[in-house]
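Each remark here refers to the structure printed beneath this line.
The values are calculated or read from the model by the stated rules, or taken from the named source; none is laboratory data. The shown structure was predicted, so the numbers you read here are calculated from the model rather than taken from an experiment. Reconstructed Cβ throughout: ideal geometry from the backbone, glycine too, with neighbour counts over all protein chains shown.
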Amino acid sequence: MPSHKIRYPAHAKAQETFPSHLRQYHQRMHTYRMGDAAALLGVSADTVRRLVDGGKLTAERDGTTGHRIIPGPALAAYARQVHRTKPNATGTSARNRLSGIVTDVILGDVSAQVEIQAGPFRVVATVSRESAEELALEPGVPAVAVIKSTNVVVDRP
């Protein structure tokens, strides 16, 4: 299981790269190392490196270590794009705990719809707005979908 450590870019880099109205957001933005991004996408770290080198996925250099890191919102956007166009071809039943990345949050007056991309699986849940706000759910943050059901349907492609 990947370690979902929150990494913050150096303030100096944020000052150079982002306009003033985006600096505060950038300083608190979740970022992922190549291996962690690969685990969330269900691919190898080499595949993520090729995606970055090919310009299909955005990455930047960490100000302190020099490692390439991927901004959470960029990873969420890529996961949303790729997994909505590719059918699920695994042929296996879902697990009860699916680690992934939040790709979308729609807040209503009382409830919130939260979309999580967990590897090749898209999970959509309805939670209370209060819960979504307490958990600070937004695109790009790591999350785990815990599924409890008395009814499970298993399909084969």
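Quick notes
- The residue pairs whose first member lies in segment 51-72 and is within 25 Å of residue 118 (Cβ to Cβ) and in contact (Cβ under 8 Å) with a residue 12 or more places away in the chain, whose second member is of a type in the set (S, T, N, Q) and surrounded by 14 or more Cβ atoms within 10 Å (Cβ to Cβ), and whose beta carbons are closer than 6 Å, counting only pairs six or more residues apart or on different chains, are 69/31; 71/31.
- Among residues of segment 83-124 being among the charged types (D, E, K, R) and within 12 Å of the chain's Cα centre (by Cα), the one that is modelled with the lowest pLDDT is 122.
- Test: residue in segment 132-142 that is farther than 24 Å from residue 31 by Cβ and either at pLDDT 95 or above or loosely packed, with under 14 Cβ neighbours inside 10 Å (or both): no
- Matching option when the condition is free of Cβ contacts under 8 Å to residues at least 12 places away in the same chain, more than 19 Å from residue 73 (Cβ to Cβ) and more than 15 Å from the chain's Cα centre (by Cα), among 127, 153: 153
Listed here are the residues, each with its yes/no results for (1) more than 13 Å from the chain's Cα centre (by Cα); (2) over 15 Å from residue 141 (Cα atoms); (3) part of a strand (DSSP E or B).
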| position | (1), (2), (3) |
| --- | --- |
| 32 | no, no, yes |
| 47 | yes, yes, no |
| 64 | yes, yes, no |
| 76 | no, no, no |
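Table: residues versus (1) at pLDDT below 90; (2) of a type in the set (S, T, N, Q).
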{"residue": "2", "(1), (2)": "yes, no"}
{"residue": "26", "(1), (2)": "yes, no"}
{"residue": "48", "(1), (2)": "no, no"}
{"residue": "81", "(1), (2)": "yes, yes"}
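- Filter result (surrounded by 16 or more Cβ atoms within 10 Å (Cβ to Cβ) and not aliphatic (A, V, I, L, M)) within segment 64-82: 68, 71, 72, 73, 78, 80
- Boolean, residue 136 is more than 12 Å from the chain's Cα centre (by Cα) and on the phi > 0 side of the Ramachandran plot: yes
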